[in-house]
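The values are calculated or read from the model by the stated rules, or taken from the named source; none is laboratory data. From a predicted model like this one, the values you see are computed outputs, not experimental measurements. All Cβ positions, glycine included, derive from the backbone under ideal geometry; neighbour counts span all protein chains shown.
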Amino acid sequence: MKREHNYFTTIRWTGNQGKGTSNYKAFERSYIVSVDNKPDIHGSSDPAFRGDRTKYNPEELLLASLSSCHMLWYLHLCSEAGINVIDYTDNAHATMVETPDGGGRFSKVVLNPRVTISDSSIIERAKKLHLKANEFCFIANSVNFKVDHNPTFNSQ
């Protein structure tokens, strides 16, 4: 049986300053992402593309999606394997390369999870689960670039 999940968002441009897109500098790149019964996300383009640095940009949101998907799978797999994770923080990094025609693509993503587990004797087992989490991550399986992992571990 094929299981299918559907997701819905509403994106509303809020950057019309009265002249629409009459020229490149006439409008803001601001928008709101809405999902029913959830707080709105205020977004903009990257500041390099005339965006508002105080708002989330699509590139940051893609990186956050990769990082959080990996984390959620990792925590799930650890719970099944009897590995008690106490703390998890990921300082993820992505590199996007612009193409001569003005487009671009992500060339590199590195997740840097810092994981604290309760038992230092199973760190090697805990490390291996990062590879398995990557195999299951819906977002990582949907992108056309490699997602690398550089985990570090502490124990309590």
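For segment 67-116, give me each residue that is of a type in the set (A, V, I, L, M) and more than 21 Å from Asp148 (Cβ to Cβ). Explain how you work it out, then say what you get.
So in segment 67-116, the residues of a type in the set (A, V, I, L, M) come out as 71-72, 75, 77, 81, 83, 85-86, 92, 94, 96-97, 109-111, 115.
Result: Ala81, Ile83, Ile86.
Of everything in segment 32-46, what is surrounded by fewer than 15 Cβ atoms within 10 Å (Cβ to Cβ) and either outside the structural domain of Gln17 (by TED's automatic domain parsing) or charged (D, E, K, R) (or both)? Give them in sequence order.
Within segment 32-46, Asp36, Lys38, Asp40 qualify.
Filter segment 9-31 down to the residues that are basic (Lys, Arg) and either surrounded by fewer than 11 Cβ atoms within 10 Å (Cβ to Cβ) or over 16 Å from Asp46 (Cβ atoms) (or both), then identify the one that is farthest from the chain's Cα centre (by Cα). Spell out the reasoning first.
Restricting attention to segment 9-31, the residues satisfying the condition of being basic (Lys, Arg) are 12, 19, 25, 29.
Subset that is either surrounded by fewer than 11 Cβ atoms within 10 Å (Cβ to Cβ) or over 16 Å from Asp46 (Cβ atoms) (or both): 12, 19, 25.
Values: Arg12: 21, Lys19: 34, Lys25: 29 Å.
Checked segment 9-31; the qualifying residue farthest from the chain's Cα centre (by Cα) is Lys19.
Filtering segment 130-156 down to residues that are small (Gly, Ala, Ser) and over 14 Å from the mean Cα position of the chain (by Cα), which residue is farthest from Tyr74 (Cα to Cα)?
So in segment 130-156, the residues small (Gly, Ala, Ser) come out as 133, 140, 142, 155.
Filter again for over 14 Å from the mean Cα position of the chain (by Cα), leaving 133, 155.
Details: Ala133: 5, Ser155: 17 Å.
If we take residues in segment 130-156 being small (Gly, Ala, Ser) and over 14 Å from the mean Cα position of the chain (by Cα), then Ser155 is farthest from Tyr74 (Cα to Cα).
Anything in segment 120-156 that is part of a strand (DSSP E or B) and in contact with a His (Cβ under 8 Å, 6 or more places away or on another chain)? List them, or say none.
Of the residues in segment 120-156, the ones part of a strand (DSSP E or B) are 147-149, 152-155.
Residues satisfying the conditions are Val147, His149.
Kindly indicate the residue of segment 13-61 that is assigned to a loop (DSSP other than H, G, I, E, B) and among the aliphatic types (A, V, I, L, M) and also nearest to His93 (Cα to Cα) among those meeting that condition. Write out each step before concluding.
In the first step, residues of segment 13-61 are kept if they are assigned to a loop (DSSP other than H, G, I, E, B); the result is 14-15, 17-26, 28-30, 35-40, 44-46, 50-55, 57.
Those left that are additionally among the aliphatic types (A, V, I, L, M): 26, 35.
Values: Ala26: 32, Val35: 26 Å.
Step by step, filter segment 13-61, then rank; the result is Val35.
Check whether at least one residue in segment 79-99 is outside the structural domain of Phe136 (by TED's automatic domain parsing), among the polar types (S, T, N, Q), out of contact with any Gly (no Cβ under 8 Å at 6 or more places or on another chain) and exposed (fewer than 13 other Cβ atoms within 10 Å of the Cβ), and report yes or no.
First pass over segment 79-99, keeping only residues outside the structural domain of Phe136 (by TED's automatic domain parsing): none.
For segment 79-99, residues outside the structural domain of Phe136 (by TED's automatic domain parsing), among the polar types (S, T, N, Q), out of contact with any Gly (no Cβ under 8 Å at 6 or more places or on another chain) and exposed (fewer than 13 other Cβ atoms within 10 Å of the Cβ): absent.
Within segment 98-116, restricting attention to residues that are at pLDDT 95 or above and among the β-branched types (Val, Ile, Thr), which residue is farthest from Glu60 (Cα to Cα)?
Going through the qualifying residues, I end up with Thr116.
Just for segment 138-156: of the residues that are surrounded by 12 or more Cβ atoms within 10 Å (Cβ to Cβ) and touching a Ser or Thr at 6+ places or on another chain (Cβ under 7 Å), which one is farthest from Cys69 (Cα to Cα)?
Ser155
Based on this model, can you work out whether Asp90 counts as touching a Ser or Thr at 6+ places or on another chain (Cβ under 6 Å) and not small (Gly, Ala, Ser)?
Numbers: touching a Ser or Thr at 6+ places or on another chain (Cβ under 6 Å): yes; not small (Gly, Ala, Ser): yes.
For Asp90, the condition - touching a Ser or Thr at 6+ places or on another chain (Cβ under 6 Å) and not small (Gly, Ala, Ser) - is met.
Please indicate, with yes or no, whether at least one residue in segment 102-115 is in contact (Cβ under 8 Å) with a residue 12 or more places away in the chain and closer than 11 Å to Ser155 by Cβ. Break it down into steps so the answer makes sense when it comes.
Quick first cut of segment 102-115, residues in contact (Cβ under 8 Å) with a residue 12 or more places away in the chain only: 105-115.
Applying the additional criterion that residues be closer than 11 Å to Ser155 by Cβ yields 115.
Within segment 102-115 (the criterion being in contact (Cβ under 8 Å) with a residue 12 or more places away in the chain and closer than 11 Å to Ser155 by Cβ), the answer is yes, since at least one residue qualifies.
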